[in-house]
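Asks: Before I ask anything, here is the structure I am working with.
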Amino acid sequence: ITAMLSEYSGKVQVMKASKGFFEAASTDVQLEVNDQVLTGEDGRARIDISDGTIIRLSPLSNFVLTSVEGTDQGTMTRLKLNIGRLWIILKGGVVEVDTPSGLASVRGSYLHVWVDPLTEETNVTCLEGDCRLGNDKGTVALVAGQTAAVLTCARSRS
């Protein structure tokens, strides 16, 4: 199972975990576990998983490929979205998106995830299929057309 940066526009950078610094993106870059993609104000990127799943990143987004592996139920892909927006077009298996305030997953077809860079609030819209959003307080199941949000707790001040 592979993940490739297949197209991009505007400012897009990739940090290979083995190098530890961001470089300008180029097409057909294979993403390995713990590699990051960062889009600038005008940046957009498309990542293709070899099972046919497509992940699209909007401007001002940062994501990390946490894992991608084959299982008996299909491909299991796990991402971390630090800030920004992504859309998942799932072609089989499961994609889980870890965010600062919760975990979103899709087992159907289409999912949109947005992490607000100021509040770290996570918003999920299930565009089609079986989607979920949860944290340590519980999980909400979503169907097509439903949206849910996970708010972050105020951090204690000293």
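Asks: Any residue in the range 131-149 that's open to solvent by less than 80 Å² (accessible area, probe 1.4 Å): show its pairings with residues that are modelled with pLDDT under 95 and of a type in the set (Asp, Glu) at Cβ separation under 9 Å, as long as the two are six or more apart or on different chains.
Replies: ALA141/ASP130; LEU142/ASP130; ALA144/GLU128; GLY145/GLU128; ALA149/GLU121
Asks: In contact with a Cys (Cβ under 9 Å, 6 or more places away or on another chain) and open to solvent by 20 Å² or more (accessible area, probe 1.4 Å) - does that describe any residue in the range 70-77? Can you show your working first?
Replies: As a first pass, look at the range 70-77 and keep what is in contact with a Cys (Cβ under 9 Å, 6 or more places away or on another chain): none.
No, the range 70-77 contains no residue that is in contact with a Cys (Cβ under 9 Å, 6 or more places away or on another chain) and open to solvent by 20 Å² or more (accessible area, probe 1.4 Å).
Asks: For the range 69-79, check the following and say yes or no: at least one residue is assigned to a loop (DSSP other than H, G, I, E, B), at pLDDT 90 or above, over 13 Å from the mean Cα position of the chain (by Cα) and under 25 Å from MET15 (Cα atoms). Talk me through it step by step, then tell me what you get.
Replies: Keep residues of the range 69-79 that are assigned to a loop (DSSP other than H, G, I, E, B), which gives 72-73.
With the extra rule that they be at pLDDT 90 or above, the set shrinks to none.
No, there is no match, as no residue in the range 69-79 is assigned to a loop (DSSP other than H, G, I, E, B), at pLDDT 90 or above, over 13 Å from the mean Cα position of the chain (by Cα) and under 25 Å from MET15 (Cα atoms).
Asks: Counting only residues that are open to solvent by 50 Å² or more (accessible area, probe 1.4 Å) and assigned to a strand (DSSP E or B), how many does the range 80-104 have?
Replies: So the answer is 6.
Asks: Within the bounds of the range 16-25, is there any residue that is closer than 20 Å to TRP114 by Cα and either outside any strand (DSSP E or B) or open to solvent by less than 10 Å² (accessible area, probe 1.4 Å) (or both)?
Replies: No: zero hits.
Asks: Would you check which residues across the range 27-53 are assigned to a loop (DSSP other than H, G, I, E, B), open to solvent by less than 50 Å² (accessible area, probe 1.4 Å) and without any contact (Cβ under 8 Å) to a residue 40 or more places away in the chain and list them?
Replies: Answer for the range 27-53, where residues must be assigned to a loop (DSSP other than H, G, I, E, B), open to solvent by less than 50 Å² (accessible area, probe 1.4 Å) and without any contact (Cβ under 8 Å) to a residue 40 or more places away in the chain: ASP35, GLY40, GLY43.
Asks: What is the one condition in (1) hydroxyl-bearing (Ser, Thr, Tyr); (2) open to solvent by less than 60 Å² (accessible area, probe 1.4 Å); (3) modelled with pLDDT of 95 or more that TYR8 does not satisfy?
Replies: Evaluating TYR8 over (1) hydroxyl-bearing (Ser, Thr, Tyr); (2) open to solvent by less than 60 Å² (accessible area, probe 1.4 Å); (3) modelled with pLDDT of 95 or more leaves (2) as the failure.
Asks: State which residue is most open to solvent (accessible area, probe 1.4 Å) when the search covers only the range 54-68 and only residues that are hydroxyl-bearing (Ser, Thr, Tyr) and assigned to a strand (DSSP E or B).
Replies: THR66
Asks: When residues of the range 105-130 are filtered for being more than 14 Å from ALA141 (Cα to Cα), open to solvent by less than 60 Å² (accessible area, probe 1.4 Å) and in a loop (DSSP other than H, G, I, E, B), how many remain?
Replies: Selection size over the range 105-130: 4.
The values are calculated or read from the model by the stated rules, or taken from the named source; none is laboratory data. Because the structure is a prediction, the values reported are computed rather than measured. A quick note on method: Cβ atoms are made from the backbone with ideal geometry, for glycine too, and the neighbour counts reach across all protein chains shown. We work out accessible area using only protein heavy atoms, side chains counted, and drop any ligands, DNA or RNA first. Shrake-Rupley method; radii C 1.70, N 1.55, O 1.52, S 1.80 Å.
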